[in-house]
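The values are calculated or read from the model by the stated rules, or taken from the named source; none is laboratory data. None of the values given here were measured: they were computed from a predicted structure. Here the Cβ positions follow ideal geometry from the backbone for every residue, glycine too, while neighbour counts run over all protein chains shown.
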Amino acid sequence: MQLNCTVMSPALTPNASPPLIAALRRDLVAAQFSVEALTRLWGADAAAALHRGQRVPALRALAGRADALPTLARLFVLGLPAAAEHIDAALPGLGLVGAVELGLVDATGAPLIDLRPYSFVDAHGVGSWWIASDLGELSTGAPLRVDHVLGVGGASTTLSGLMLGRPVATALDLGTGCGIQALHAARHADRVVATDISQRALDFAAFNAQLNEVTTIEFRLGSLFDPVVGERFDHIVSNPPFVITPRTAGVPEYEYRDGGMVGDALVASVIAGLADHLQPGGVAQLLGNWEYRADDDGLNRVGGWIDDSGLGGWVIEREVQDAELYAETWIRDGGTRPGPEFDRLYDAWLDDFEARGVTAVGFGYLTLRSDPRPLRRLERLDGPVGAGLGPHIADALAAHDWLAGLDDEQLGRQHLVVAPDVTEERHYWPGAEDPTVMSLRQGGGFGRTVALDTGLAALVGASDGDLSVRSIIAAIAQLLEVDEAALSAELLPRIRDLVVDGMLTHPS
């Protein structure tokens, strides 16, 4: 059992040879090289360990196995060499010679790239692909190269899970990396343009599209919107290189995560450029970081960028890290471990933050629209959320637009229904007849919890579609012996929020 093999990845990309890629595809299918098969092969616990960067449990499960699936798993997922005869057997159509020509391994059977299965569920159903990228730190045993092409990570799956998935004619993936977002966009867009500043990234992305028989993506080299000047799109997605990195000599700038700008200017620049590239009614979705400074709230900074762009925007801040933790996180991400070099980089990061008065960094999701209907929501939601938020976001936007066409009188005539994933919680002091705390809890979406008072609780409880909002408010006002107009003015804005959040729905 080999546990300490170090493989240094040269600056190569896979060869885009259609016949060889077709042979590879057939071999991967025949070997059942899938997420489900790998999980069965080494077990759920070993799979979880791999997600934590530990491969020993998986290696123990593969000990003594030389058939096709274990060979491919050891070679392309764990990043360890395989014997020539085992590669020939695992890839019978391609063989070692073909794998070398394709740029997957070297002549000794050592892997040159990471190639692993990826599965997902989106608005269009279940899907699976194979995704090639550079070997990671686990395989190389060394810090990443600055031109490292990242595979599918947590940010990638977060953004793909946020995609609306509505059918559109055109989509743009800004900063495509290995091409994962472009592949997802191709599920709902007739044509996709994928851009990146890195030719290596584009080569990997094109290889992945060809391997997975996706033919509707066009790849273009260039920074930000430079490759699409004068073009507009129905849907723009971007996992941009938003990491805030010191512009200090000796600090590595990784192409997959560093945009080359000071502070959070990269995200501000992306937002500023969206208005010129969205079709009317078009939607952009991206991830980003923003700085908190001593005199400047980070979420308000993002709101200001959106206001300046002229677009509507919905920002959900998921996390805030203090400056020290942020620096530690991204220094480790580059493969540097504690020691003198780590300390040198840590100083550079803290010097950079101190120079601009940065105390913390926020991370979150941004949805922006080119639409005359006003949309401006800035929220902090740091609780657990489910996977596949795209349909929920699409429903929230549709609900917002529906409400935008209703004044309060028209809203009062609507018949609303409590969403099926919503429950009510009541907490009592022992022996008390009346609850001390009432709340609504959302089972799906963003898992929101909304505090209730007596009036709102009564309205939600009566919202079964039979009575109009106005009729329910009138009955509650009579029951509580309060002024109906005052109660209506209090409840209608909160009803609007509940509808947008998906906790109340319109049955039609």
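When only residues in region 132-163 that are buried (at least 21 other Cβ atoms within 10 Å of the Cβ) and over 21 Å from PHE242 (Cβ atoms) count, which is modelled with the lowest pLDDT? Per the stated criteria, the residue is SER139. Summed over region 184-206, the residues that are closer than 16 Å to VAL146 by Cβ, assigned to a loop (DSSP other than H, G, I, E, B) and either touching a Ser or Thr at 6+ places or on another chain (Cβ under 7 Å) or among the charged types (D, E, K, R) (or both) give a count of 1.
Could you go through region 329-336 and let me know if any residue there is assigned to a helix (DSSP H, G or I), surrounded by fewer than 19 Cβ atoms within 10 Å (Cβ to Cβ), among the basic types (Lys, Arg) and over 26 Å from the mean Cα position of the chain (by Cα). No: region 329-336 contains no residue that is assigned to a helix (DSSP H, G or I), surrounded by fewer than 19 Cβ atoms within 10 Å (Cβ to Cβ), among the basic types (Lys, Arg) and over 26 Å from the mean Cα position of the chain (by Cα). A search for C-beta distances below 7 Å between a residue of region 69-81 that is in the same structural domain as LEU115 (by TED's automatic domain parsing) and any residue that is aromatic (Phe, Trp, Tyr) and not in a helix (DSSP H, G or I), counting only pairs 6+ apart in sequence or on different chains, returns LEU69/PHE33; LEU72/PHE33. The residue pairs whose first member lies in region 392-405 and is in a helix (DSSP H, G or I), whose second member is surrounded by fewer than 19 Cβ atoms within 10 Å (Cβ to Cβ) and basic (Lys, Arg), and whose beta carbons are closer than 6 Å, counting only pairs six or more residues apart or on different chains, are ASP401/ARG373; LEU403/ARG496; ALA404/ARG373. Just to be sure before I move on: is LEU80 assigned to a loop (DSSP other than H, G, I, E, B), of a type in the set (A, V, I, L, M) and buried (at least 20 other Cβ atoms within 10 Å of the Cβ) in the structure I sent? For LEU80, the condition - assigned to a loop (DSSP other than H, G, I, E, B), of a type in the set (A, V, I, L, M) and buried (at least 20 other Cβ atoms within 10 Å of the Cβ) - is met. For the residues TYR254, TYR292, the requirement of being in a strand (DSSP E or B) and among the aromatic types (Phe, Trp, Tyr) singles out TYR292. For region 423-456, the candidate set comprises residues that are among the polar types (S, T, N, Q) and not in a loop (DSSP other than H, G, I, E, B); within that set, the residue that is farthest from the chain's Cα centre (by Cα) is THR454.
Within the group LEU38, LEU115, LEU91, which residue is hydrophobic (A, V, I, L, M, F, W, C), outside the structural domain of GLY175 (by TED's automatic domain parsing) and either at pLDDT below 95 or over 27 Å from ARG187 (Cα atoms) (or both)? So the residue among LEU38, LEU115, LEU91 that is hydrophobic (A, V, I, L, M, F, W, C), outside the structural domain of GLY175 (by TED's automatic domain parsing) and either at pLDDT below 95 or over 27 Å from ARG187 (Cα atoms) (or both) is LEU91. Is it the case that region 212-221 has a residue that's closer than 19 Å to LEU368 by Cα, surrounded by fewer than 24 Cβ atoms within 10 Å (Cβ to Cβ) and charged (D, E, K, R)? Looking for residues that are closer than 19 Å to LEU368 by Cα, surrounded by fewer than 24 Cβ atoms within 10 Å (Cβ to Cβ) and charged (D, E, K, R), one finds none in region 212-221, hence no. Selection of first residues in region 95-110 that are farther than 16 Å from TRP130 by Cβ and of second residues that are assigned to a loop (DSSP other than H, G, I, E, B) and among the aliphatic types (A, V, I, L, M), restricted to Cβ pairs under 7 Å at least 6 apart or on distinct chains, gives the following pairs, ordered by first then second residue: VAL100/ALA107; ASP106/LEU112; GLY109/ALA82; GLY109/ALA83; ALA110/VAL7.
If the condition is being part of a loop (DSSP other than H, G, I, E, B) and either touching a residue at least 40 places away in the same chain (Cβ under 8 Å) or over 10 Å from the mean Cα position of the chain (by Cα) (or both), then region 153-168 contributes MET163, LEU164, GLY165, ARG166, PRO167. Beta carbons closer than 8 Å, at least 6 apart along the sequence or on distinct chains, pair a first residue in region 132-144 that is in contact (Cβ under 8 Å) with a residue 60 or more places away in the chain with a second that is among the acidic types (Asp, Glu) for ALA132/ASP114; SER133/ASP114; ASP134/ASP114; LEU135/ASP114; SER139/ASP114; PRO143/GLU137; LEU144/ASP134; LEU144/GLU137.
Look at region 375-390: where a residue is on the phi < 0 side of the Ramachandran plot and at pLDDT 90 or above and a partner is basic (Lys, Arg) and surrounded by 15 or more Cβ atoms within 10 Å (Cβ to Cβ), sitting 6+ places away or on another chain with Cβ atoms under 8 Å, you get LEU375/ARG369; LEU381/ARG318; LEU381/ARG448.
Here's a check for you: in region 306-328, which residue that is among the aliphatic types (A, V, I, L, M) and not in a helix (DSSP H, G or I) is farthest from ASP264 (Cα to Cα)?
Taking the candidates together, the pick is LEU311.
Would you be able to say whether some residue in region 477-489 is closer than 11 Å to VAL418 by Cα and either surrounded by fewer than 17 Cβ atoms within 10 Å (Cβ to Cβ) or touching a His at 6+ places or on another chain (Cβ under 9 Å) (or both)? The answer is no; no qualifying residue exists.
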